[in-house]
2 protein chains.
Amino acid sequence: MKRNTWQREAVREALDGTEGFISAQALHSALHASGSPIGLATVYRALGDLASTGEADSLQSPDGEALYRACSTTGHHHHLICRNCGLTVEISAEPVEEWAKGVAAEHGFTQAAHVVDVFGLCAACTKLQAGA
Amino acid sequence: MKRNTWQREAVREALDGTEGFISAQALHSALHASGSPIGLATVYRALGDLASTGEADSLQSPDGEALYRACSTTGHHHHLICRNCGLTVEISAEPVEEWAKGVAAEHGFTQAAHVVDVFGLCAACTKLQAGA
DNA sequence: CTGGTTTTGACAATCATTATCAATTAGCTA
DNA sequence: TAGCTAATTGATAATGATTGTCAAAACCAG
């Protein structure tokens, strides 16, 4: 059976109150800083649960950390990243979601996850490079 | 000054000869398996260099490993990868190509490249897991 | 060939994450 | 409300990928 613990609630609320993505470590630090004695392992478990039930999204930062964010109703999206200055723009990718699901099913794959990121030069860096 | 060493060449060739993405660890194993006494740290350094000079692309797998692939301008396609047995299926992604181009343009990005790969469990592994 | 640097590679260190496992606790039931 | 039972917690150890260290080896110019 699945139980409701204050720890899980704390993690959920901390996520809700966070703008954008946050790492498990950072979330744990934030909780500690605000006086919660919650354990690190528990934060990881709670985040994992939230992610697996679809209440949170997760992605991998370029440094290899797992980042999480509260899942708004429309949730899942991807990123457009400037390869020069690192600027990141969030983009929705509904056509891709469906495509990924369809392709996976077509080949008998289940539990499909996908990695979709677009790299390019942002407007500012394009200008800079044109000048240089 | 930048020197040419057989180790760096070995890494570059191993990458070129690899279909799709491969982890640094796997590449090192492959090199060892084919008789090369190259060190692990050197493989990491070489991959990092290749990635920073644009000769290779890198991405984070869902498991948090860094994956690399030779940056081939020819024969663009994507992959459907079984996260259990490693089976890889090549897939075409025309809808995604257009989508990526459109999204990049929409945000003022130029020189858009994209990383699109789908991870899942292939039919065989799905069966195995269901049984276990 | 020789000198001055860069690069290598074995190994230690680091960092995020996961597993372990005894102690605690939520939620049901009477 | 008290008690029972299984899920959950959390301190810590373990894991696994990646990076730092530094003496020895290799590269390249002269």
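The values are calculated or read from the model by the stated rules, or taken from the named source; none is laboratory data. Because the structure is predicted, anything quoted here is derived from the model rather than measured. All Cβ positions, even for glycine, are placed from backbone atoms using ideal geometry, and neighbour counts span all protein chains on display.
Does A:Q60 satisfy the condition of being within 12 Å of DNA strand D (Cβ to nearest atom), touching a Pro at 6+ places or on another chain (Cβ under 8 Å) and not assigned by the TED database to the domain that holds A:E90?
Working: within 12 Å of DNA strand D (Cβ to nearest atom): yes; touching a Pro at 6+ places or on another chain (Cβ under 8 Å): yes; not assigned by the TED database to the domain that holds A:E90: yes.
Spelling it out, A:Q60 is indeed within 12 Å of DNA strand D (Cβ to nearest atom), touching a Pro at 6+ places or on another chain (Cβ under 8 Å) and not assigned by the TED database to the domain that holds A:E90.
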* With respect to B:E55, determine if the residue is closer than 24 Å to A:V116 by Cβ, modelled with pLDDT of 80 or more and not assigned by the TED database to the domain that holds B:K2. => no
* Asked: Given the conditions (1) at pLDDT 75 or above; (2) in the same structural domain as B:C122 (by the TED database), which single one is not true for B:C82?
  -> (1)
* **Leading residue by the ranking (surrounded by the fewest Cβ atoms within 10 Å (Cβ to Cβ)) among those in the range B:1-41 that are more than 9 Å from DNA strand D (Cβ to nearest atom) and within 14 Å of chain A (Cβ to nearest Cβ)** => B:G20
* **the range A:91-132: number of residues that are modelled with pLDDT under 75 and either assigned to a loop (DSSP other than H, G, I, E, B) or more than 10 Å from every other protein chain (Cβ to nearest Cβ) (or both)** => 4
* Give me the pairs, please: first residue somewhere in the range B:47-61 and within 11 Å of chain A (Cβ to nearest Cβ) and farther than 17 Å from B:N4 by Cα, second residue anywhere and within 9 Å of DNA strand D (Cβ to nearest atom) and in a helix (DSSP H, G or I), beta-carbon distance under 8 Å, and either six or more positions apart or on two chains. => B:S58/B:L47
